[in-house]
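The values are calculated or read from the model by the stated rules, or taken from the named source; none is laboratory data. Because the structure is predicted, anything quoted here is derived from the model rather than measured. Glycine also receives a Cβ, built like all others from the backbone with ideal geometry; neighbour counts cover every protein chain displayed.
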Amino acid sequence: MIAVVLVASALILLVGYLMAISSKDLVRLLISLELMFGAVFLALFPLFSIPEITATAFGIAVLAIFTSGGELMILITSLIVLDKQIRSISTDEITAGGDEA
Amino acid sequence: MDLVTSSLLVMCAFAVLTSFAALLSKDNFYSALYMSITLLVIAGVYALYNVQPVFVLIAFVFVGAVGAVTVVLAASYRYVRPQLNLNFVWAIPVAITMAVLAYTLYSYVRYGVNIAYSETVMLNFARHYTVLALLFISLSILLMMSVVKFIRRESV
């Protein structure tokens, strides 16, 4: 049954990747990142099956949730600032590496 | 197969289906809603096996805070694209990778779900990882302060 959880996690992760590649705007990119983090949370589930490392698994889960939450908060801020600066959230407007066009 | 195992299978299938719905939706708002449902179902998997703290962290912190902001942003910047938001050139290698990964995991991972979580885990965590918890709280406060400062500087 652990295999089913891991397969579901891998499928959600790949859907997140495909969504990030296909995204035309930053909101969709944000949604795809959250899906990827969701897949990571599901992949952590089997760690709770090992009695010796349950506390460590909980620590890893807390670490993953806090860091991913912080990362998404930064992306949300960037989205708002980008909209303020160029009045668009389209990924086509962003030049490579943040260089000026 | 007992009720808990059946529920796990249904929840995993539902999480994958809603993630596909988020991918295939043309509207960002519905896409964000489907994403929130996916994350809630993932949190529900932890609740199913009585790992309540992780359920609370995912459902309240991740879906409740970040997910809600994403839904609001998607509603604010709402526009429906006429065509599907899917890059078909990349869809083929992704589908092949999915098939290979699914076959490999299903063939070689033969363990059953035997969740060993108990109340003492939280006590052990609190005893051994106090510094880590303090670090996270400090990190969150610093992050929020820098974000507020950044927004204020941009608005001038």
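Criterion first (at the interface with chain A (Cβ under 7 Å from one of its Cβ atoms), surrounded by 15 or more Cβ atoms within 10 Å (Cβ to Cβ), in contact with a Phe, Trp or Tyr (Cβ under 7 Å, 6 or more places away or on another chain) and in contact (Cβ under 8 Å) with a residue 24 or more places away in the chain) does B:Val51 satisfy it? Criteria met by B:Val51.
Would you confirm, using the coordinates I've provided, whether A:Val27 is aliphatic (A, V, I, L, M) and without any contact (Cβ under 8 Å) to a residue 40 or more places away in the chain?
No: the conditions fail for A:Val27.
Taking the condition assigned to a helix (DSSP H, G or I) and within 7 Å of another protein chain (Cβ to nearest Cβ), does A:Phe48 pass? Spelling it out, A:Phe48 is indeed assigned to a helix (DSSP H, G or I) and within 7 Å of another protein chain (Cβ to nearest Cβ). Taking segment B:98-115 as the range and being within 7 Å of chain A (Cβ to nearest Cβ) and exposed (fewer than 15 other Cβ atoms within 10 Å of the Cβ) as the test, the residues that pass are B:Tyr106, B:Tyr111, B:Gly112, B:Asn114. If you go through segment A:1-22 one residue at a time, how many are at the interface with another protein chain (Cβ under 7 Å from one of its Cβ atoms) and among the small types (Gly, Ala, Ser)? Count: 4. Of the residues in segment B:102-114, at least one is touching a residue at least 60 places away in the same chain (Cβ under 8 Å), within 28 Å of A:Glu52 (Cα to Cα) and out of contact with any Leu (no Cβ under 6 Å at 6 or more places or on another chain). Among residues of segment B:67-91 that are closer than 18 Å to A:Arg87 by Cα, those with a Cβ under 6 angstrom from a residue that is among the hydrophobic types (A, V, I, L, M, F, W, C), sequence gap 6+ or separate chain, pair up as B:Leu73/A:Val27; B:Ala74/A:Val27; B:Ala74/B:Phe29; B:Ala74/B:Ala32; B:Ala75/B:Phe29; B:Tyr77/A:Val27; B:Tyr77/A:Ile89; B:Arg78/B:Phe29. So, in segment B:24-33, how many residues would count as being part of a helix (DSSP H, G or I) and either buried (at least 24 other Cβ atoms within 10 Å of the Cβ) or among the acidic types (Asp, Glu) (or both)? The number of residues fulfilling the criteria is 3. When you scan segment A:75-91, do you find a residue that is of a type outside the set (Asp, Glu), surrounded by 19 or more Cβ atoms within 10 Å (Cβ to Cβ) and under 30 Å from B:Met122 (Cα atoms), even just one? Within segment A:75-91, none of the residues are of a type outside the set (Asp, Glu), surrounded by 19 or more Cβ atoms within 10 Å (Cβ to Cβ) and under 30 Å from B:Met122 (Cα atoms). For segment A:69-77, the criterion of a residue being closer than 30 Å to B:Tyr111 by Cβ, facing chain B (nearest Cβ under 7 Å) and assigned to a helix (DSSP H, G or I) is satisfied by at least one position. Given the structure, is A:Leu6 closer than 20 Å to B:Asp27 by Cα and aliphatic (A, V, I, L, M)? It is false that A:Leu6 is closer than 20 Å to B:Asp27 by Cα and aliphatic (A, V, I, L, M).
For segment A:51-61, filtering for residues that are within 7 Å of another protein chain (Cβ to nearest Cβ) and not polar (S, T, N, Q) leaves 5.
Filtering B:Val54, B:Val10, B:Val80, B:Val72 for residues that are closer than 21 Å to A:Ser32 by Cβ and either under 18 Å from the mean Cα position of the chain (by Cα) or modelled with pLDDT of 90 or more (or both) leaves a single hit, B:Val72.
Among the residues of segment A:36-65, those that are closer than 17 Å to B:Tyr46 by Cα and under 12 Å from the mean Cα position of the chain (by Cα) comprise A:Phe37, A:Gly38, A:Ala39, A:Val40, A:Phe41, A:Ala64, A:Ile65. When segment B:44-76 is filtered for residues that are among the polar types (S, T, N, Q) and under 18 Å from A:Leu44 (Cα atoms), the ones remaining, listed by number, are B:Asn50, B:Gln52. Listed by position, the helices (runs of 4 or more DSSP H) contained in segment B:58-156 that have at least 3 residues being over 30 Å from B:Phe29 (Cβ atoms) and not charged (D, E, K, R) are B:88-108, B:119-128, B:130-155. Scanning segment B:30-51 for residues that are modelled with pLDDT under 90 and either among the polar types (S, T, N, Q) or under 21 Å from B:Ala65 (Cα atoms) (or both) returns B:Asn50, B:Val51.
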